[in-house]
Structures are given as structure tokens and as C-alpha cells.
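Here's the structure, in C-alpha cells; my notes come after.
The values are calculated or read from the model by the stated rules, or taken from the named source; none is laboratory data. The model shown is predicted, which means the values in this text are computed figures rather than measured ones. Cβ placement follows ideal geometry from the backbone for every residue including glycine, while neighbour counts extend to all protein chains displayed. Each accessible area value is taken on the protein alone, full model and side chains, heavy atoms only, with ligands, DNA and RNA left out. Shrake-Rupley method; radii C 1.70, N 1.55, O 1.52, S 1.80 Å.
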Amino acid sequence: MAGEREMSATFAPLTRILCTLAAPLLLFLLLTAQAAHAEVLQAPFRARPFPLGDGRVACAPASGGWSVEWGGRAVRPPSDEEAVGRAVELQVAPNAAACATASKTVTLVTTGRWPTFDAASIVFLPDDGRLEATGSGLQGVKVVWRSGTNDGVDVCLDPKREGRSERCAWAVGPGTPADAASSSLAWLPSGARPGEDAVFIDAFGDRASRQTFTLTPARLIITRVVPTDATVDLGTGQGEVPLVHPEAVGSAECAPLACEMSDGKLLVRGASSLVKNVDIKLRFRPHVFLLRNEALESQTTVRLPVLHCPMWIVSGQPVRNNDDAKVIVKLEGACARDLGEVRFLHEQTPLKVLRVVSGQDATFVLLRLGDFDDDSLTITALRGPPDEIALAVAHISTRSTPQVRATLSLPDFPNLSFIPTNREARVHISPAGEHQHFTLLPIEGVYSVRYEKGQALVRATPMAAGLTALRFGLRSEDLPGALGEVDLAVLSDPLQRGTGEANVPAPLETEVLGPKPLIEVLCGGDTVPLERLKPGVTAHLSFSLRDTCRVVFHRERLPPELGSQKINFEIDVLRADGSPRGEARVSEVITLRSGSGPRAAWIRGVSNPFDRIIVRVSHVADENHYIGASEIKTGAPAAQWSAVLGTGRARLYATTAIPTGLYRFGDKEHSGVLQLNFGVISRLTWLDAEGHEGFLGAEAGVLVFGLANSQSETGRSLTQVGGVIGLGVSVPIANRSSVTQASINLHAWLEADITRASDSGSRYGFIFGPSISIGNVGLNL
């Protein structure tokens, strides 16, 4: 302990520099001299026994080479060096009687023999992050350091022999300050464990104080005095010199200005705008040296440029490796009002001034940087010639090229893979970072850009072809006025996009389109009244309009932003019985584009009254044509029109009848079954709206009865020609409403035999029975 006091007295000046490293020492790790709270006891192997302290006794034999002595109140460390670094648990109690219920333990750690240090050899190099020392027993010795909130431990693994001594170097946190207020250094023997509850025992069994482990450097060697880009800013009349190790400086002199050390800071005062540089002579405290050109210096002189204007980079971190990189600086003070002879440099490269915006209290200057790849940027403002004066310097770290991503969408159709030529697409842009954003930039001849309520809208030029990448400008949100629209860098989305027409299915339903649909079905016109068919409603038109019906496609009503329409177009003409007319069938895919006038498709194939025309349209579910084609319903048409050509309410027609199994009721000589008959009858019946005949009709005609030599019950021949009139029920069974219509009939006629001459009996009778009729030749009334 006396040796320690002597060393402290010898190096009193240095300890003032380091503020007695033993002070708030020691570190997060160790050292507490209060045995009452010690939970970890650490002693070197082969050390003398030492008491457990605090009146405690061991409740069981120790393990790991440790032995219990003095009636359980002391322990002896192992004698084997192999136990170094090993920890064992020992149960303890206030007395032997309490061991049965004891739950407390202490940890016993075996360390190596303690080293000895040559106090004069301890050298601390904070700029290199290294501590060097000479001594003996340094193998495995640890150096513990703390710098602000950082701390660490390094171990001497391979000491070098220097005669009878060993020399070792330990890594200490790079840039560790050289004052004890923010850093501390201590050593620990090999195998020791850092900890706030650690108690260290020396080889004589005595408890060691924390000062025992303090490392006090004999020399402090620094390699830097001021930062490489240091300046003296006199914009306010007083500037501060940024010293790397202000605690190492004893005094300073400045020429031609005045300076002084105050509270660890070097303050410079002066107001002359003609001073370009200041020479600062620094004298270091005792035992502090500057390493320069392999020589140690106790004082040095540095020349720093003098700045006269406050200047900041206000546009955020500049972008590296970008041809269009720009930066905006803000200057204040008197020089900001006159920038006529001011030049701006990045290192030694002049920067082009693109714009100067002057305000009431400051001036903003837009500078072009171009492509650079430095991790930090220093901009210097100079006034001259002939004698250039440094007005201001601004420093900032740079950023790598930010990644920009964009997606395009149309309403209800996200993730568009191309740039539309016929309408504007919304552009969704990824964020650029704090206080910055990306702005979509137009490319002449490729696409145009418009902003609406903060939303970017893009539209490709109709003549553009090939692939292109969207281009974006990086802008700052914290700049005033028009400076907020300056592109600080220009970047491109890595995704290449083509251009093309965005085809969106147009609504074909009149309910959506209103009174001006894209597609209409018309009949008539000119001298005949125009009939406009409504989708979903069957129209009943005069048969005379059969050659005037057409489908009209209104190209002039198609909005260009919907693109071209790919439509399934179908026409069917059905007979009155529902059978199709094959010659009139139309089934095509047509492409409808916006144009200056309509196009028409005429309907053909209507041959007979009450023929029905049906027109259907629907979109083609073609993913190569439409956006959102998967949502198109293909099971049913989007719109359908139908019309029946025929308006009669009654029909008079003639047909051939072949009655079989008729029965004639007359006098006894002329009554009987008429097995085979033939004739022509006319029939008058009503028609429904579809042109279908009624079942019941008024009939009249002439027939030949009894062709198969039919006879009456008295054996009299019933063969005759008679005229009939009455009612009949007719059911068509084939070719309904056509000339070759076939029907099954049931008749009830009054008949007059027109071939009978002078036979007795009445020539009139009543005939009832079925028949088959073929033919339907007549007219609608």
C-alpha cells in the first residue's frame, strides 16, 4: 500500500488528467470491499486460507479442490493450477445449528497468481484503442474498461518476453476518452470473474481493496489533436475549436486572434472578416504526448481556417452515386446578403450554383453535386480572389441511393402492368424516408404526369412504344417555397413497363348507360315510324318491318378511356313454332372502338309472319384484351333484345283434311261410319301475341265422304260429295304456322249432300269425328 501511495505522489499531474482512475472506478464488474454483501469470493490457487466473513460457517465440505478449515469458518483455495477459472458453490449459515435450514450460498472462484506491473511502463493510447504495459505473470490477465455507456474486457493471451519481463497490449474501446470521468481502467487476474458482488483475496488470505486493481498510465500518447475537417466559426464573433482530447491540453495560444481554455473548451474570439486562418499553439499537460512522425511531442501548432458565416445543409443527406444529385445550403449573417464573389467547393471541386433564393434572414443556395461516392460531404464557401477567405463550411453524412418502388392502378383494377395510353393511371409510390418524398417526373415523348389532390396520375403518349421505367425526383418536405420542388436526386423504378391501351369492359346494359346506350336494335325509319327495341322486353312489330331491322353500334358514344371493346354478337331468327332459321344465324366476335359515327348490322332471315328475332351481346372474357377479364360473366348475355314480326289477331286459312272414322247422323238410309274421306276446308281462328293459332275455329269446306265404300246400317252407300260448315278443334303436331303444317282435328259439322239427286230422305246431316289436316295457306286478319 505504501508503494501505491508513492506511485500516486510521483504521477500526481497525470492522475489529475485521468482524475485518479480509482475514483468512481471500478467498473461494472467488480470490486466491493464489503464482505457482508460479498457473494463471490475469488482467490489465487495455493493462497493461504481466508475466513468466510460475517460470522458465517460452511455447512458442507467444499468441492473443486477447496477445503474447509477453522471449524468451518475459513476456506483454503486449491493447490492445483488446473483449478484456475473454476467456480464452485458452498452452502453457508450464520452458525452450525442453522445449517439444517440454510439456503444461502457463496461462489468460490480460483484465479491465477496476481501479476506485477512496472508502473512506469503503462502507456495508454486512446486514439488507437490500446493499453500497453510491462510486468510479470501477465499470461491471462484481463483489462476491464468503460467509456461512457460502453465497456468491455480484453485478455492477454500471448505476452512477449523482454529480458526477465513480459510485455502485453490490451484492446480498449476505440476512441475511449482520456479522462477518468468518462473512462476507467482496471486489471483482473487470470480466471477471475467480473461482477459487482466479487470479493478478491490475495495470496496471503487478505481482502484486496479496489485500488489494488487500478491501472494508472504513466504516459498518455495521443495521435490526434483536432478533427481533420476542423474549422473555427466566427460567425457570431466567438468560436469553439473542436479538440479531440480537451482534457490533455494545458494551455493554448492563438495568432492573430485571442483564445483561452474554459471548462475544457478552447474558445477563440475575433471579429475581423479578413482573417483567413488561425494558428493555435497547444501545450499538453505533463506526461501527455502527441505522436507525430514516430516522435513524441509535448506541444504542437495547428492551423485552422476561420469561418465567418453560419452555413448548414438543409436539404437532408445527399445521395451518393447519382448523376443528378443536388444539395441546398442555408447561409446566415452579413455574407449571406452578398454572394456575388462566393464560390462553393466540395473538397477541391467547384460546385455549380443552380439557384439562389434570398430571404429576410437567410439565403438558400442550390448546388449541383453530380456523381460522388464519399460517405460524408464537406462544402466550403470561399470569397475571393485574389486572397480567398473561407466564409463557411458545412458537413453532413451521405446516403446510398434510395430504392423507389411504384405500382399502377385503375379504379377497381389494381396492379396494372403497363402504362395506359388512353387514360390516366394512379401511381402508388413507396416512401422516401423521413421528411422526404418521391415525385413522379414526366418523360417527354413517353408519358405525361399530372397531380390531383396529391395523387400522381400517369398517361403514356399514344405513339410511345417499347419498355420504359418510371422516373422519380427525390424532394425535401422542409424547404420553403419553390425549393420544395427541387429534385435533389433523380431515380428510376427498376421495373420496366410497356405502354398500351387499357381496355375496360364498358357497361352494355341500358339501365347503366341510360338513354344513349352503346348498342341499339332498331326497326323502321324514313317513311316508316322508327321502332327502338328495349332490352329484356319482347316487341311486337308489323311484319312489314321485317327488312328494316338492324343492330346499331354507337362508336361515338364509347368513351376513349374505356379502350376497345371485344364483344360476342349473336342474332337468331326463330319461326313461330320456336325452331331456328339456320340461314339467319349470326355468331361473331366484333371489336368496337371509339369513332366518329355509328356502324350498323342488318338482320336478315325473317320469312313468315310472327318470326321472332333475338339479338344478344356480351363481352369476351379475354385476359389478353381486357383488364379484369376474370370478372366478366360468360354464362349469360349482358344485353338481349327480341321482337316478333306480326301483329294479326285472327287467321283465315285453307288446309287439306283427311278425316277417318267420321260418323254421319242423318235419316236411317244415310247414317253411318265414314271410314275414309278427303277434302279441303277453310278455317277461321284467333291468334295470340306470338302468332299461335287458337284451338277452336269456325270451319267450312267441301269433302268427299265414304271413299272406302262406306254403307249405312241398311246397306245403302254413303259415298257422296258434301259441303260442311261448323266448328273444329285443331292441334298442330308439325311445322306449326307454316304452309306444311300438320294438325290433328276434331270436327262437328252440318253437312249438305250435293251429289244426291232424287233419293228419298233428307240430304242434310250432322258429321262428327277426327281428322288429320295438312297445310296452312291463308292470311292474317
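Among the residues of the range 415-451, the ones that are of a type in the set (Asp, Glu) and touching a Lys or Arg at 6+ places or on another chain (Cβ under 9 Å) come to 1 in all.
In summary, residue 24 fulfils each of the numbered conditions (1) open to solvent by 20 Å² or more (accessible area, probe 1.4 Å); (2) modelled with pLDDT of 50 or more with the single exception of condition (2). Considering 388, 347, 341, the condition of being open to solvent by 90 Å² or more (accessible area, probe 1.4 Å) and more than 27 Å from residue 481 (Cβ to Cβ) is satisfied by 347 alone.
The residues of the range 51-95 that are farther than 30 Å from residue 137 by Cβ and loosely packed, with under 14 Cβ neighbours inside 10 Å, listed by number, are 54, 55, 60, 61, 71, 94, 95.
Please work out if residue 485 is within 25 Å of residue 315 (Cα to Cα), open to solvent by 30 Å² or more (accessible area, probe 1.4 Å) and either more than 18 Å from the chain's Cα centre (by Cα) or modelled with pLDDT under 95 (or both). For residue 485, the condition - within 25 Å of residue 315 (Cα to Cα), open to solvent by 30 Å² or more (accessible area, probe 1.4 Å) and either more than 18 Å from the chain's Cα centre (by Cα) or modelled with pLDDT under 95 (or both) - is met.
Residue under question is residue 746, and the condition is that it be more than 60 Å from the chain's Cα centre (by Cα), over 15 Å from residue 652 (Cα atoms) and surrounded by 17 or more Cβ atoms within 10 Å (Cβ to Cβ); does it hold? No: the conditions fail for residue 746. Quick one: is residue 589 assigned to a strand (DSSP E or B) and either of a type in the set (Lys, Arg) or under 25 Å from residue 737 (Cβ atoms) (or both)? So residue 589 fails the test. Among the residues of the range 661-692, not one is open to solvent by less than 20 Å² (accessible area, probe 1.4 Å) and of a type in the set (Asp, Glu).
Of all residues in the range 459-488, exactly one satisfies the criterion of being touching a Pro at 6+ places or on another chain (Cβ under 8 Å), among the small types (Gly, Ala, Ser) and in contact (Cβ under 8 Å) with a residue 40 or more places away in the chain, namely 460.
Hey, among the residues in the range 96-114 that are more than 20 Å from residue 69 (Cβ to Cβ) and among the hydroxyl-bearing types (Ser, Thr, Tyr), which one's most open to solvent (accessible area, probe 1.4 Å)? The residue in question is 101. Which of (1) closer than 30 Å to residue 631 by Cβ; (2) in contact (Cβ under 8 Å) with a residue 60 or more places away in the chain does residue 426 not meet, given it meets every other one? Unmet condition: (2). Just to be sure before I move on: is residue 203 modelled with pLDDT of 90 or more, among the aliphatic types (A, V, I, L, M) and in a loop (DSSP other than H, G, I, E, B) in the structure I sent? It is true that residue 203 is modelled with pLDDT of 90 or more, among the aliphatic types (A, V, I, L, M) and in a loop (DSSP other than H, G, I, E, B). Across the range 461-477, the qualifying residues are those that are out of contact with any helix residue (DSSP H, G or I) (no Cβ under 8 Å at 6 or more places or on another chain) and closer than 24 Å to residue 402 by Cβ, and the one among them that is surrounded by the fewest Cβ atoms within 10 Å (Cβ to Cβ) is 467.
Scan (1) outside any strand (DSSP E or B); (2) free of Cβ contacts under 8 Å to residues at least 24 places away in the same chain; (3) of a type outside the set (S, T, N, Q) for the single condition residue 68 breaks and write down its number. Condition (1) is where residue 68 drops out. For beta carbons closer than 8 Å, sequence separation of 6+ or different chains, a first residue in the range 604-625 that is over 28 Å from residue 693 (Cα atoms) and touching a residue at least 60 places away in the same chain (Cβ under 8 Å) and a second that is open to solvent by less than 20 Å² (accessible area, probe 1.4 Å) and in a loop (DSSP other than H, G, I, E, B), the qualifying pairs are 617/508; 618/508; 619/508; 625/564. Residues in the range 249-303 that are of a type in the set (Ser, Thr, Tyr) and open to solvent by 60 Å² or more (accessible area, probe 1.4 Å): 273, 298, 301.
So how many residues does the range 562-619 have that are polar (S, T, N, Q) and surrounded by 13 or more Cβ atoms within 10 Å (Cβ to Cβ)?
7
Collect the residues in the range 713-734 that are at pLDDT below 85 and either at positive phi or open to solvent by less than 30 Å² (accessible area, probe 1.4 Å) (or both), keeping them in residue-number order. Passing the criteria: only 715. Taking first residues from the range 666-695 that are under 14 Å from residue 716 (Cα atoms) and partners that are surrounded by 16 or more Cβ atoms within 10 Å (Cβ to Cβ) and among the hydrophobic types (A, V, I, L, M, F, W, C), the Cβ contacts under 8 Å between residues at least 6 apart in sequence or on separate chains come to 670/718; 672/718; 673/662; 674/662; 674/705; 674/718; 674/767. So for the range 702-720 (the condition being over 60 Å from the mean Cα position of the chain (by Cα), within 30 Å of residue 610 (Cα to Cα) and touching a residue at least 12 places away in the same chain (Cβ under 8 Å)), does at least one residue qualify? Yes: one or more hits. For the range 77-107: of the residues being out of contact with any Lys or Arg (no Cβ under 9 Å at 6 or more places or on another chain) and part of a strand (DSSP E or B), which is nearest to residue 170 (Cα to Cα)? Ranking the qualifying residues of the range 77-107, first place goes to 88.
Across the range 734-781, what is the number of residues that are over 17 Å from residue 681 (Cβ atoms) and of a type in the set (A, V, I, L, M, F, W, C)? I'd like the intermediate steps shown before the answer.
Initial filter on the range 734-781 (over 17 Å from residue 681 (Cβ atoms)): 734-738, 755-764, 780-781.
Subsequent filtering for residues that are of a type in the set (A, V, I, L, M, F, W, C) retains 734, 757, 781.
Matching residues across the range 734-781 total 3.
When residues in the range 629-657 are screened for being surrounded by 14 or more Cβ atoms within 10 Å (Cβ to Cβ), under 30 Å from residue 416 (Cβ atoms) and either in contact with a Leu (Cβ under 9 Å, 6 or more places away or on another chain) or among the polar types (S, T, N, Q) (or both), 3 of them pass.
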